[in-house]
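Laboratory data are not the source of any read-out in this text; all were calculated from the coordinates shown. Note that this is a predicted model, so its numbers are computed, not measured. Cβ placement follows ideal geometry from the backbone for every residue including glycine, while neighbour counts extend to all protein chains displayed.
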Amino acid sequence: MRFRKQASLSRREQPDQKHSLQRLAPKALVFVSTVALAGFLVFSDGSADTTSPATDRGSDSVVKHASMSAPPVQPKCELQTSCTPPCPMTLEQAEEKQRAQQKRTAELTQGLAPHSEVSNGLFEYSATCRASQALTWVCNRDEVGDVLEIGASWGGGSTAVMGHALKAKGKGEVWSIEAVPEKYVQGVSYNHAQALPTKLFLASAVGPEEMPTIAERRAVGDMRPEEWLKGEVAVAALHGFGSVAHLCASHKFGMIFVDGGAFTGPAEWKAINTYCTEVPWVALDDTHAKTIDIVDEVSRKSGAFGALWEVVYEELYVGHAKAQSGLAAFDRRNYNYTGGELFSVKGRGEGSHWTRSQGKFGLEVERFVRSHGMSKGGEFRNFALLRNLRNPAC
């Protein structure tokens with residue numbers, strides 16, 4: 001069953017033309033001292049009954065080696081990084097990249113100062129967002145420790161949501177990435193004053209050579225301005241290389257939240273499936289545009305990585321202009337909406353939102369969202385949650 005609704009994104013999800021290079025830049029990382037990233041969002045539920053039951057994927061087992069000379073195979077749950085061995089990047093190579101990014105951070109931030117009038121993105125994710133509750137559900141899971149976020153922006157939106165969840169849980173940190181120096185400096189200043197378990201990094205998630213060409217994007221029906229792509233390539237070049245690879249090759253993450261640039265989604269997806277193959281969960285923002293290729297691939301079980309993941313939970317927002325509607329974007333791809341629910345929210349117009357939860361985990365997410373006061377309401381984003389079918393619950 002397919003729906004054809006003419007709509008648009010909410011204002012908060014529409015690209016900021018004035019700051020498009022900044023807002024949509026590929027996000028990235030550089031080690032700095034631990035800073036507390038936080039925000040205004042405080043959940044009242046804590047972690048008491050929010051952690052879902054353990055998965056049914058069996059217990060760990062120690063692999064016995066054939067001879068005394070053969071090195072022992074490390075059980076997956078004991079791996080110290082997110083990269084399945086043998087990892088394409090060694091720990092030594094990852095540490096070298098980390099040092100290079102630290103040096104570049106010092107160069108790019110010299111003389112920069114935060115501005116008090118910046119809102120820090122507090123209205124992009126809030127306590128009334130269903131996606132905020134879905135992110136909280138993942139953060140509350142036992143197997144999720146540290147979280148990698150691609151796209152810190154000003155540091156006060158989704159970063160704070162996940163930071164609050166991990167703080168209430170008492171385990172894990174948010175490692176959040178930003179590629180634009182001005183946003184990074186602002187985020188550090190804003191979040192340093194908050195008492196949340198987070199770190200902020202300045203770097204590019206992917207390198208300039210990994211970015212798509214405008215011809216490649218036009219071939220899949222992407223008609224967003226070429227100027228945005230040029231701006232994002234320029235920001236990636238500012239850093240020189242991508243950081244998703246060296247972070248996953250040197251650290252273990254329980255979830256990756258992809259909320260990077262307008263055109264970086266496919267490159268980030270390839271990097272995740274090359275260097276972050278042990279990460280159990282991947283969440284996607286702006287699925288109507290910058291991560292639509294990922295959702296479509298996984299839903300169809302197509303492409304290089306589609307069969308390795310499953311879509312657990314997804315939601316689409318419908319506004320006023322068809323070209324920017326979440327449903328319209330998927331409709332153009334003949335997306336299969338079977339099992340989803342299209343409904344209206346008071347004051348938003350009939351048929352203005354769509355959501356779908358699939359399988360055991362999807363039902364758990366939906367129950368969690370509804371138990372936090374959003375049975376049929378709450379603010380919708382274009383968002384999806386994916387589960388790694390290769391990775392055990394560890």
**Study point:** Of 169/252; 167/360; 97/252; 199/252; 270/290; 199/290, pairs whose Cα-Cα distance is over 20 Å
**Key:** 167/360; 199/290
**Study point:** From the C-alpha gyration tensor of the range 131-226, square roots of 5λ in Å
**Key:** 29, 17, 11
Revision key, fill the gap. In order over the range 295-304: 3J(HN,Hα) from phi, Karplus 6.51/-1.76/1.60, θ = phi - 60°, whole Hz, x for each Gly or Pro, gives 4, 5, 5, 5, 4, 8, 6, 10, x, 6
**Study point:** Packing-based ranking, highest mean first, of 206-213, 263-270 given that Cβ atoms within 10 Å are counted
**Key:** 263-270, 206-213
**Study point:** Per DSSP, loop chymotrypsin sites (Phe, Trp or Tyr not before Pro) in the range 131-215 with at most 13 further Cβ within 10 Å
**Key:** none
Point to revise | Inter-label distance for residue 341 and residue 226, nm, one decimal - labels placed 7 Å from Cα along Cα-to-Cβ | key: 4.5
Study note, to complete from the structure: Log entry: pair-distance distribution for the range 246-340, C-alpha pairs binned every 5 Å from zero, whole % per bin is 3, 12, 24, 25, 19, 10, 5, 3, 0
Check your understanding: For the range 182-271, what is the charge dipole size about the Cα centre, in debye to the nearest 20, if Lys and Arg each add +1 at the Cβ and Asp and Glu each add -1 at the Cβ?
Key -> 260
